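Here's the structure, in structure tokens; my notes come after.
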Amino acid sequence: MVGRGPVPRRRQASGWLVMGALVASLQCFLSAPAAAQSGSPPITPAGFHATGLDPSPANPVRVWILGDSVMNQGSPALSAALGATGEAQVVADSSFGGWGLTTQSAWIADSLQIIDDYHPQVIVGTWSWDDPMAGRDPRLYAALLAQAIGVWMSPGDGVRLVVLVQFPQPGPDLLIPGSIQRLRDWIKVTAEQDTWDRIARSMTSVFPGRVVYLSTAQVFAPGGRFVTWIRTDSGWARTRQLDNAHLCVPGAIEFGQVVVSDLQSILGLNPPAPGWQDGAWTEDVRYQVGHYGPGVCPADAPPTADYNGVRVPDQGGSN
């Protein structure tokens, strides 16, 4: 993470912005459907195009990436794909394992320092460490997320857009012993994550024209089925680490492609030049040693040739 230091100047969202965001976010959340969003449009709101940004090779849009360890594994691919457009550059990547608004007491000071130091225009983030609070008290978490966006987009700080990305659907953690406990854990994790995703999506109504939400279910849970492996021209490729949550290189590529594809439309970027998928970033140690030790991305294949993933449990607890 970018280190903290003295904050040159303090900025806070105005009271009317935070209170208005809170009221609107609660209305959006309470009216949101309970079902998972696997069928949601990739970009919310549909047809969204950011204003006030005119990216070009001479004036690339400045991007700050934030989030937890899953974003940290997706960010090298995202950075490479954005850079390959020739019209965007990641100026700050503060993603790290365990990051969340509920886990980092200094998130406001950190945020203001990063904005002062790197002058981002667009913030792209996804994370899961706030899921327990979101699931336990969605109203309170909606207020916290609205507060964070208000801080990130304080008037005059130069941030024009916050992009909230649907957290890549996790699968059953095969490192949890016992199929019953593994299923219970997956149901709980999925329900909490669905709640975070719905609250994040509701922020597009709270901050119209300033916040956009991107879906990733179309690649990580197509048709409502979680997939650990995908088919490629050269055969099966593992997208998720052994815990079925963190990303391997093919998963990071999928993440980078789906996010940048949407950002092309939102920001008016050129398509990425070919070859970014094969850069030096693919050799990063984060794809070799994970939370559970080395060898987290084995060169294996699914157990059957007709592998089609596992159906994601719904909020009622079925699978």
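Structure data summary
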{"read-out": "Local electrostatic count at Val124 - Lys and Arg +1, Asp and Glu -1, tallied over other residues with Cβ under 12 Å", "value": "-1"}
{"read-out": "Largest-first principal axis extents of the Cα set of the chain (Å)", "value": "55, 43, 38"}
{"read-out": "Net charge contributed by nearby residues that have their C-beta within less than 13 Å of Leu144 (K/R +1, D/E -1)", "value": "-1"}
{"read-out": "Choice from Arg139, Arg240, Arg201 showing the highest fluctuation, given a GNM over the chain with Cα pairs closer than 10 Å", "value": "Arg139"}
{"read-out": "Sequence of Arg198, Arg184 once ranked by neighbouring C-beta atoms within 10 Å, starting from the fewest", "value": "Arg184, Arg198"}
{"read-out": "Gaussian network model of the chain, Cα within-10 Å springs - most flexible of Gly86, Gly275, Gly100", "value": "Gly275"}
{"read-out": "Nonlocal amide H pairs with Ile123, under 5 Å, H built at 1.01 Å", "value": "Trp64, Leu161, Val162, Val163"}
{"read-out": "Charge sum, other residues only, whose C-beta stays under 15 Å from Thr228's C-beta, Lys/Arg counted +1 and Asp/Glu -1", "value": "+1"}
{"read-out": "Euclidean distance between Cα centres, segment 268-309 to segment 156-177, Å", "value": "17 Å"}
{"read-out": "In order through segment 97-103: 3J(HN,Hα) via Karplus (6.51 cos²θ - 1.76 cosθ + 1.60), integer Hz, x for Gly, Pro", "value": "x, x, 6, x, 5, 8, 10"}
{"read-out": "Fluctuation leader among Asn244, Asn270, Asn59 - the chain, Gaussian network, Cα springs under 10 angstrom", "value": "Asn59"}
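Read the figures in this text as sums done on the coordinates, not as results from a lab. Just so we're clear, the structure is a prediction, and the values are computed from it rather than from any experiment. Glycine gets a Cβ as well: all are built from the backbone with ideal geometry, and neighbour counts include every protein chain shown.
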